[in-house]
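Down below is the structure, laid out as structure tokens.
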Amino acid sequence: MKEALYLRNKTAIINFSVAYYKTPEELLSSKGFALFLKRFLMWLAVNDIEMYHWAVREQTLEEYIPHLVTTLKLLMVMDLSDIPEINQLDVLRLLSLVERGYDYWRKLERFTTVSSSSSSSIQFQSFMDADLNFNALIISIYRRLEEKLQGRKNRIYRQLSAGSNGSLVLRTYHTKLPNEYNQLKNIQFINTVMLRTPLMLYPTSNKRTGMFTEVKENPIRYFTGNQSEWYCYPVRVGNLLIFVYFHEDYLAEAVAMSNLFELANSDDCVNKPDAIVIFGNQDEKKETVFFHDVQNEMWIGSLSYCDQIEYFGYLKKIVLTLHNLTMMERGWLPIHGSMVRIFFKDHTVKNVVFIGDSGAGKSESIEALKTIAQDDILKTDVVFDDMGSFHQEDNYVYAQGTEIGAFIRLDDLDRATPYKDMERSIFMNPTSTLNARVILPSSPYELITSNQKIDYVLYANNYEEKVGIHRFENLEKAKEVFIQGRRMALGTTGEKGISDTYFANPFGPMQKSEQCDKI
């Protein structure tokens, strides 16, 4: 049974299926609010010891919190002058305490959830209304306390997202998972997502280090999670179905997939997936690995629970690694690159693929192309921003994509790019000077999963002092450069300087180079 309010580090999960508060009295009297006050005061003891000592004085937190709750409840219904418990000399300090508590709450990554027995529009609308009302309740409590303590009405009101950053409808499905995966069968699936965008997230880590390595033992054998701590985000990655199981402490990273991968529908969720991700496996192994379940024809990825993986790049890349391994089994060639359909004003259409490892400039090249040739280009459609695959059909080579969005470095783009779709964006560490990112939705699922004939393939060379486009003289020379996979690392991973990676793709092809060579 999940609790009404889960709080850990920066994550706050409010479970409407356990408790839903309609009035200030109900919320302020709740166990969840007392838990929040305890976490806030513990934070205050580290970050503002003077205010903490003023508030708590000689009491323990267990003694002080009920007293503070009573004071706040009195402020909601009585005039300040009628509350003898509040010393007039301490009004400004109490106002400051309320302001600090409100800011602390809003800096948490806050999500509301509700369990549903169906995906009916009536149930969903009811949940949407409940989330909106919860947001309004938090704002109304804060404003009433603020105005009582400052002794006047506000003259400027800002409508902030004070309740949740996002909302999730959860469902339980009877999936066709093999018996070896029984411990996953009762974990609830995310059925519907509502995000309050632009969403600002500040994960502990801001770059990916190390590699995904293959292991001989299935990570499901040492999975110890239970349904009260785990969720499943089912995604369509290209034409593949992947179940992403994650610990609740990584809810923000998982929900960020909403802008990058197509959320699978209810019919998908009762089927056996092509791959499974276990994100936040509490195995104390500190590993990022994958395993091939040959008998059940599935690839399994597992990332151990630790602060390091609290970065969206880890989740994105293990999903794409499992996609690539599966596609190679089917004879398709995984491409670490970007593909764009360019519609010119003279009515011609060209499909261009840019290949290169992380930080080589694939996304940036597309943005530069659109800027330089804007007088000739009518529009562009992104087929994939980071990973796709080639396959041969009817004597032609076609490409398909994997993602409906893009995970882009802010500091390498045109300044206007992140703000064109700002109202739909998810930002990762936007104030950081290193590898700040934005996740932008870019393409409809139907486009990325349809065959796109390839007109041009280019390799992103950011490691030589040359400008322009070089055309290879022969096939062998081209293969040499593409297979070498050279690039200058730009801080998006743990690497520095010039590095070589087989086929510029450390997400499957490098680990299975002999299999990839044949393709």
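The values are calculated or read from the model by the stated rules, or taken from the named source; none is laboratory data. Just so you know, these numbers come straight off a predicted model, no measurement behind them. Heads up, the Cβs are rebuilt from the backbone with ideal geometry, glycines too, and the neighbour counts pull from every protein chain shown. Calculation scope for accessible area: heavy atoms of the full protein, side chains included, ligands and nucleic acids excluded. Shrake-Rupley method; radii C 1.70, N 1.55, O 1.52, S 1.80 Å.
Quick check on ARG57: is it without any contact (Cβ under 8 Å) to a residue 60 or more places away in the chain and in contact with a strand residue (DSSP E or B) (Cβ under 7 Å, 6 or more places away or on another chain)? Against the criterion (without any contact (Cβ under 8 Å) to a residue 60 or more places away in the chain and in contact with a strand residue (DSSP E or B) (Cβ under 7 Å, 6 or more places away or on another chain)), ARG57 does not qualify.
Tell me, please, whether a residue that is without any contact (Cβ under 8 Å) to a residue 40 or more places away in the chain, among the hydroxyl-bearing types (Ser, Thr, Tyr) and touching a helix residue (DSSP H, G or I) at 6+ places or on another chain (Cβ under 7 Å) can be found in the stretch 61-78. Yes: one or more hits.
Here ILE335 clears all of (1) part of a strand (DSSP E or B); (2) within 22 Å of the chain's Cα centre (by Cα); (3) under 30 Å from MET488 (Cβ atoms) except the condition numbered (2). When you scan the stretch 130-152, do you find a residue that is open to solvent by less than 70 Å² (accessible area, probe 1.4 Å), of a type in the set (Asp, Glu) and within 26 Å of THR71 (Cβ to Cβ), even just one? Looking through the stretch 130-152, at least one residue is open to solvent by less than 70 Å² (accessible area, probe 1.4 Å), of a type in the set (Asp, Glu) and within 26 Å of THR71 (Cβ to Cβ). Please go through the stretch 33-57 and pick out each residue that is of a type in the set (Gly, Ala, Ser), closer than 22 Å to ARG144 by Cβ and at pLDDT 95 or above. Selection gives ALA34 alone. The residues listed here are SER228, SER167; of these, the one that is part of a strand (DSSP E or B), open to solvent by less than 40 Å² (accessible area, probe 1.4 Å), small (Gly, Ala, Ser) and touching a residue at least 24 places away in the same chain (Cβ under 8 Å) is SER167. Considering the stretch 427-519, the qualifying helices (runs of 4 or more DSSP H), each wholly inside and each with 3 or more residues that are touching a strand residue (DSSP E or B) at 6+ places or on another chain (Cβ under 9 Å), run over 445-448, 475-484. Residues in the stretch 439-447: is at least one within 28 Å of SER499 (Cβ to Cβ), surrounded by fewer than 17 Cβ atoms within 10 Å (Cβ to Cβ) and at pLDDT below 90? No, the stretch 439-447 contains no residue that is within 28 Å of SER499 (Cβ to Cβ), surrounded by fewer than 17 Cβ atoms within 10 Å (Cβ to Cβ) and at pLDDT below 90. Name, by its number, the condition in (1) closer than 20 Å to GLN282 by Cβ; (2) in contact with an Asp or Glu (Cβ under 8 Å, 6 or more places away or on another chain); (3) at pLDDT 90 or above that does not hold for THR197. Unmet condition: (1). For the stretch 1-19, name all the residues that are β-branched (Val, Ile, Thr) and without any contact (Cβ under 8 Å) to a residue 24 or more places away in the chain. Result: VAL18, single match.
Among residues of the stretch 96-117 that are farther than 20 Å from GLU253 by Cα, those with a Cβ under 7 angstrom from a residue that is assigned to a strand (DSSP E or B), sequence gap 6+ or separate chain, pair up as SER115/LEU170; SER115/GLN188; SER116/VAL169; SER116/LEU170; SER116/ARG171; SER116/ASN191.
Among the criteria (1) in contact with an Asp or Glu (Cβ under 9 Å, 6 or more places away or on another chain); (2) aromatic (Phe, Trp, Tyr); (3) open to solvent by 70 Å² or more (accessible area, probe 1.4 Å), the one TYR157 does not fulfil is (1). Residue count for the stretch 186-225 under the criterion of being open to solvent by 40 Å² or more (accessible area, probe 1.4 Å), more than 14 Å from the chain's Cα centre (by Cα) and among the β-branched types (Val, Ile, Thr): the result is 3. Remark: pairs (first residue in the stretch 284-295, touching a residue at least 40 places away in the same chain (Cβ under 8 Å); second residue open to solvent by 30 Å² or more (accessible area, probe 1.4 Å) and in a strand (DSSP E or B); Cβ separation under 9 Å; 6+ apart in sequence or on different chains) = GLU287/THR213; THR288/THR213; VAL289/THR213; VAL289/GLU214; PHE290/THR213; PHE290/GLU214; PHE291/GLU214; HIS292/GLU214. Within the option set ARG93, ARG57, being in contact with a helix residue (DSSP H, G or I) (Cβ under 7 Å, 6 or more places away or on another chain) and open to solvent by 40 Å² or more (accessible area, probe 1.4 Å) holds for one residue only, ARG93. Of the listed requirements (1) of a type in the set (Lys, Arg); (2) more than 30 Å from LEU195 (Cβ to Cβ); (3) crowded, with 19+ Cβ neighbours inside 10 Å, ARG471 misses just one: (3).
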